[in-house]
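The values are calculated or read from the model by the stated rules, or taken from the named source; none is laboratory data. Predicted model only: the values in this text are computed from it and were never measured. Methodologically, a virtual Cβ is constructed for each residue, glycine included, from the backbone with ideal geometry; neighbour enumeration extends over all protein chains shown.
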Amino acid sequence: MNRHTLLNVVAMTTIGLAALAGSAVGQETGDHKLIAPQDIKWGPAPPSLPYGAQAAVLYGNPGKEGLFAFRLKVPRGYHIAPHTHPKPEIVTVLSGTARLGMGTVADHDKAQVLPAGSFFALSPGSAHYFFADEDTVIQLNSTGPWGINYINPKDDPRPKM
């Protein structure tokens, strides 16, 4: 990938994440933020994730430095190909059943089954993949800027420029 293409991909991802930052409506007082489940505003996930997911940023801005929390709602059968992240990720399965596999080759049957209430934390650079066995909602907490790097560039859903 040349420098120009890389800059365009980074810019598109940052724009997508920044748009998400205002997608949840809540009560904010100083450093406190309260959001009731019925007030969460779902929108399209960033273009760096496969089509079909919805996202809602609950706290912070994943496109900027600092803490953030966002949720992903994915349909049954949703899959994210093997990838890494530049920062640690702390994830809770809120509803549904997810599968998390470690490594650079996705294998649904070898992935760990994670029912609602499950938790996982990943170190930066840990190659992993994700499947949803049913409609699933996860909450991801980390520090920005958030990024995703696919092991196989052909798996990256962002438009090629």
Within segment 128-161, residues being free of Cβ contacts under 8 Å to residues at least 60 places away in the same chain and farther than 23 Å from GLN54 by Cα number 0
The strands (runs of 3 or more DSSP E) lying wholly within segment 31-120 that contain at least 3 residues that are more than 23 Å from ILE151 (Cβ to Cβ) and of a type outside the set (Asp, Glu) are 32-34, 54-59, 66-74, 89-95
Checked pairs for segment 41-60, first charged (D, E, K, R), second modelled with pLDDT of 95 or more, C-beta under 9 Å and 6 or more apart or across chains, list as LYS41/ALA56
Restricted to segment 58-107 and to residues being surrounded by 18 or more Cβ atoms within 10 Å (Cβ to Cβ) and more than 15 Å from the chain's Cα centre (by Cα), the residue farthest from SER48 (Cα to Cα) is GLY96
Checking ALA111, ALA98, ALA127, ALA81 in turn, the sole residue that is hydrophobic (A, V, I, L, M, F, W, C) and in contact with a helix residue (DSSP H, G or I) (Cβ under 8 Å, 6 or more places away or on another chain) turns out to be ALA81
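Are any of the residues in segment 102-111 more than 23 Å from ALA56 (Cα to Cα), hydroxyl-bearing (Ser, Thr, Tyr) and touching a Pro at 6+ places or on another chain (Cβ under 8 Å)?
Yes, some residue in segment 102-111 is more than 23 Å from ALA56 (Cα to Cα), hydroxyl-bearing (Ser, Thr, Tyr) and touching a Pro at 6+ places or on another chain (Cβ under 8 Å).
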